[in-house]
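Have a look at the structure below, then the notes.
The values are calculated or read from the model by the stated rules, or taken from the named source; none is laboratory data. All values derive from a computational prediction rather than experimental measurement. Cβ placement follows ideal geometry from the backbone for every residue including glycine, while neighbour counts extend to all protein chains displayed. Surface accessibility is based on the protein's heavy atoms, side chains included, excluding ligands, DNA and RNA. Shrake-Rupley method; radii C 1.70, N 1.55, O 1.52, S 1.80 Å.
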Amino acid sequence: MIYLDYQATTPLAPEARDAMLRWLDGPDGTGFGNPHSPHKLGRMAAAAVEAARDKVAALFPPGGRVIFTGSATEALNLAIRGSGKGGSVSVSAIEHAAVLDTAEALGQTHILHVSKEGQCYTAQDVPNDVRLIAVMQVNNEIGTIQPTTDWHRKAKEAGALFLVDAVQAYGKIEVTGADMIAISGHKFHGPKGVGALWVRDGVELAEQITGGSQEAGLRSGTLSPALIVGFGEAAALAKERMGEDSEHVEALWTRARELFADWTLNGSEEARWHGNLNLRKDGLDVNRLMSECRQVMFSAGSACASGSGRPSHVLRAIGLSDKQAKSSIRLGFGRYTTMEQLEEAAQIINAAAEEQGV
Ligand code: PLP
């Protein structure tokens, strides 16, 4: 199997896995404590959680705090639902469903347009009553990097809060400033089932999951030390290896562009995370291609939308026809992808496309 679906999820780093095992039970059986218990076992678990919080915070701007959640989806819900009521919420047309559907559920959603290259520029109006603007840093389908620093400025001018979905950016590139930033462990070699919302000091949020008032009264529920320690370890590793990882991705990207030279790239080539290659070939039957390339794990558009039969809202937002969107594939690679795997996958995919006569 060759795994080229790094935007859907990433392999767990062995270092993160090793760090987690201690907090499942541990060799001496002391790793299972409830981090909210005041006794020694609880305090040991709480100390591990706090050490992980510092590691996760080290990749965020200064002047904020990290609230652990069960996923980025939950973090985004806390940000959008917890930051106020009434007023418009402006979101880019290429946000993940976790933002789009949540904003939609509250009503008064205003959609920000994106260019053909997949960029959401600030040269467009936001409603007078805007209370929150959400623009993601790196798009999950086409990898395009958004001008989030400009949006942060524009949100301040408009008197709105600014939320960034940094799920596909965190651990790969520097996360830019905002009022709230959402991330997910499994997108940077941490475990699934854990995410976080970074909240700038002074930003008030209303708790959405009520109960025991853990996480500074903002998110109730017992934390999982094992998941959080794995999350923290993955963050520390990403920080340490950011340069090395991005050099590796750059080498894979350069080779991939040669290997898929006769495909059309969807989205900007430059303003892009180069671990995302979203390509199309007119007339390609993607379902057939995928069934003929079963040993390569890749995606037809977004993994979240796949299976729905609906063409991707991101590819439509950048002006592709339904036909073009349906003839697009997404290849995602990163830290553990080898050049040999990429070359073998390209040979398999190109041969299958050729068989279709496209
Ligand atoms: N935002 C983006 C850009 C994503 O790619 C994803 C996952 O696909 C999410 C949010 C949701 O993350 P999670 O799986 O932690 O809920």
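Contact map, the stretch 124-148: first residue open to solvent by 10 Å² or more (accessible area, probe 1.4 Å), second residue in a strand (DSSP E or B) and of a type in the set (D, E, K, R), Cβ cut-off under 7 Å, separation 6 or more or different chains; pairs are Ile145/Arg272. Within the stretch 264-283, if we keep just the residues that are open to solvent by less than 10 Å² (accessible area, probe 1.4 Å) and of a type in the set (A, V, I, L, M, F, W, C), the residue that is nearest to the chain's Cα centre (by Cα) turns out to be Leu277. Limited to the stretch 161-220, what total is found for residues that are more than 15 Å from Thr69 (Cβ to Cβ), assigned to a loop (DSSP other than H, G, I, E, B) and of a type in the set (A, V, I, L, M, F, W, C)? The total comes to 6.
Yes/no per residue for (1) at pLDDT 95 or above; (2) over 31 Å from the mean Cα position of the chain (by Cα):
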residue: Asp25; (1), (2): no, no
residue: Asp28; (1), (2): no, yes
residue: Ser37; (1), (2): yes, yes
residue: Ala47; (1), (2): yes, no
residue: Ala51; (1), (2): yes, no
residue: Ala58; (1), (2): yes, no
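Scanning the stretch 74-102 for residues that are within 22 Å of Arg316 (Cβ to Cβ) and in contact with a helix residue (DSSP H, G or I) (Cβ under 6 Å, 6 or more places away or on another chain), we see that the one that is nearest to the ligand (Cβ to nearest atom) is Ala98.
Considering Ile80, Ile94, the condition of being open to solvent by less than 10 Å² (accessible area, probe 1.4 Å), modelled with pLDDT of 95 or more and out of contact with any strand residue (DSSP E or B) (no Cβ under 7 Å at 6 or more places or on another chain) is satisfied by Ile94 alone. The residues of the stretch 317-342 that are open to solvent by 50 Å² or more (accessible area, probe 1.4 Å) and within 17 Å of His274 (Cβ to Cβ), listed by number, are Tyr336, Thr338, Met339, Gln341. Where strands (runs of 3 or more DSSP E) fall wholly inside the stretch 1-112, the ranges with 3 or more residues that are touching a residue at least 60 places away in the same chain (Cβ under 8 Å) and within 25 Å of Val164 (Cβ to Cβ) are 64-69. How many residues are modelled with pLDDT under 90 and of a type in the set (Lys, Arg) when one looks only at the stretch 280-307? The total comes to 0.
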